[in-house]
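Working notes for the structure below.
The values are calculated or read from the model by the stated rules, or taken from the named source; none is laboratory data. None of these values were measured; they are calculated from a predicted model. Please note: Cβ atoms are built from the backbone with ideal geometry, for glycine as well, and neighbour counts cover all protein chains shown. Accessible surface is based on the protein model in full, side chains and every heavy atom, while ligands, DNA and RNA are left aside. Shrake-Rupley method; radii C 1.70, N 1.55, O 1.52, S 1.80 Å.
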Amino acid sequence: DKARRNAEGMLERFHKLGVQLRPHMKTHKTLECADIMTGGSRRCIVVSTLAEASFYADNGYDDILYAYPLPFDKVERCAELSERLSLFHIVVDNRLALQQLKKRPLKQGKIWDTSGVELTGIYAHCGNTYACQGEEQIKAVAQETTTIVLQFMEKLKAAGIQGVKSSIGSTPSCSHPVPDMAMLSEVHPGNYIFYDVQQSLIGSCRLEDVAVRVLTRVIGHYPHRNQLLVDCGWTALSHDGGGRLPTGYAIIEGHPELKLLSMTQEHGRVEPISGKLDIKQFPLGSLLTLMPYHACATAMMHPVYFVRSKGKVIDTWKPTRGW
């Protein structure tokens, strides 16, 4: 329900601004979330791997942007996707990449330009919003990025290059857009489908908007160390965030007094932030609910998501994996 609300909120926000939303798939990598984020259109998405691009292409998606500086070993796979789809976009940030593309002309006369390469637009990710704290700082970075991109678009027009799109994005900047973003062609946030503790600290969302949790079981009591052992290691959560939260590597829902202190591959150590641990509160086999620092990194660790609505598990979603 939260994921659906987050997706609908972003669609509505940019519909009002008259800007195309091109949601990023890298956070969840599932068909179900993609359908929610695109409003069922199955068009106009961003991916971070060619495994994602192929997965969505195989399932009826089109107008896919591979948002990654072109790796030269992947030119052939990119060409094949370009020949299959009506629109497949790639990103280059150097002349060598352009030369590599021109060495692989597309079959079936796919693009009218004899070089086989057509400039679609300018893509910028304002990742510096991740250093922000609060809406005011987020909006300042969003404004700066938008201004720079729009100025560059003017330079392109002055050089006789017309009809090129402008695209910026990050979940923080798109959660608090500035009015000038209405002059952009599109935006490409992705994390917002789940949000996470990091986004709540930046100011993109409230903690109650975070749609993803990891359930972990208490598997050991160590009163002499004032610790519990749980079955969530970094392979279930990731080490993202570096344990910098007051509560360690995650927020333990309903237990602000506890800290996920450290993790090995398959174990986590939990202790109180201060004082003595009341072991009786946490019987062996009982569950703790973890709210992850970074949803993209945590989701990446799991081969299946259990989908909850109104307190019940109603479905399982399987993400694609690999590169």
Taking the condition of being open to solvent by 80 Å² or more (accessible area, probe 1.4 Å) and part of a strand (DSSP E or B), how many residues in the range 301-312 meet it? 3
Any hit, the range 43-58, residues being in contact with a helix residue (DSSP H, G or I) (Cβ under 9 Å, 6 or more places away or on another chain) and surrounded by fewer than 17 Cβ atoms within 10 Å (Cβ to Cβ): no
When you scan the range 176-203, how many residues do you find that are open to solvent by 20 Å² or more (accessible area, probe 1.4 Å) and outside any loop (DSSP other than H, G, I, E, B)? 7
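Test Asp315 against the stated conditions and say whether it is in a strand (DSSP E or B), touching a residue at least 12 places away in the same chain (Cβ under 8 Å) and of a type outside the set (Phe, Trp, Tyr). Let's see the steps before the verdict.
On the way: in a strand (DSSP E or B): yes; touching a residue at least 12 places away in the same chain (Cβ under 8 Å): yes; of a type outside the set (Phe, Trp, Tyr): yes.
Criteria met by Asp315.
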Residue check, Asp62 over 25 Å from Tyr195 (Cβ atoms), modelled with pLDDT of 95 or more and touching a Lys or Arg at 6+ places or on another chain (Cβ under 8 Å): yes
Polar (S, T, N, Q), closer than 30 Å to Ile90 by Cβ and in contact (Cβ under 8 Å) with a residue 40 or more places away in the chain - does that describe any residue in the range 217-233? no
Note down all Cβ pairs under 8 Å where the first residue falls in the range 178-199 and is modelled with pLDDT of 95 or more, the second is open to solvent by less than 10 Å² (accessible area, probe 1.4 Å) and of a type in the set (D, E, K, R), and they're at least six residues apart or on different chains. Glu186/Arg22; Val187/Arg22; His188/Arg22
Of the residues in the range 268-300 that are under 26 Å from the mean Cα position of the chain (by Cα) and surrounded by fewer than 17 Cβ atoms within 10 Å (Cβ to Cβ), the one that is farthest from His221 (Cα to Cα) is Met300
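For the range 127-175, which residues satisfy the criterion of being part of a loop (DSSP other than H, G, I, E, B) and either in contact with a His (Cβ under 8 Å, 6 or more places away or on another chain) or open to solvent by 20 Å² or more (accessible area, probe 1.4 Å) (or both)? Can you show your working first?
Step one: list which residues in the range 127-175 are part of a loop (DSSP other than H, G, I, E, B), which gives 132-134, 159-164, 170.
Within the range 127-175, Gln133, Gly134, Ala159, Gly160, Ile161, Gln162, Gly163, Val164, Ser170 qualify.
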Go through the range 204-244 and give me each residue that's open to solvent by less than 20 Å² (accessible area, probe 1.4 Å), in a loop (DSSP other than H, G, I, E, B) and touching an Asp or Glu at 6+ places or on another chain (Cβ under 8 Å). Val210, Gly233
